[in-house]
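Right, one structure below, let's go through it.
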Amino acid sequence: MNAMSLEDERDITAVIVRYGTAIDTRDWGLFRSCFIDDFRGDYGQFGNWDSGEAFAATMQQMHE
């Protein structure tokens, strides 16, 4: 198994901070930037999404 590099850790931390900031500030463009176009999300009973755009739109709607 390959160890994660410091650069990988920095990149992951940056996305987590960006995600939290976006939710807190309701910055949906910033939130959308946290996910790749072909994002696949399975949040169980909460829902399933087939794109980052669809997930971001749902989160925006839920937080308004």
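A few comments on the model shown:
- Here the label points at L30 and R10, each 7 Å from Cα along the C-beta direction, are separated by 2.1 nm in the simple model.
- The long axis of helix 52-63 is offset from the longest Cα principal axis of the chain by roughly 60 degrees.
- Sparse-neighbour loop sites [trypsin sites (Lys or Arg not before Pro); the chain; at most 14 other C-beta within 10 Å; DSSP]: R26, R40
- Our summary gives the chain a relative contact order of 22 percent, counting only alpha carbon pairs under 8 angstrom and 6 or more residues apart.
- To the nearest ten degrees, helix 6-25 and the longest principal axis of the Cα atoms of the chain are 20 degrees apart.
- Of the chymotrypsin sites (Phe, Trp or Tyr not before Pro) found in the chain, the ones in coil according to DSSP and having at most 10 other Cβ atoms within 10 Å of their Cβ are Y43.
Computed from the coordinates by the stated procedures, all read-outs in this text should not be read as laboratory data. Keep in mind it's a predicted model, so treat the numbers as computed, not measured. We place every Cβ from the backbone using ideal geometry, glycine too, and count neighbours over all the protein chains shown.
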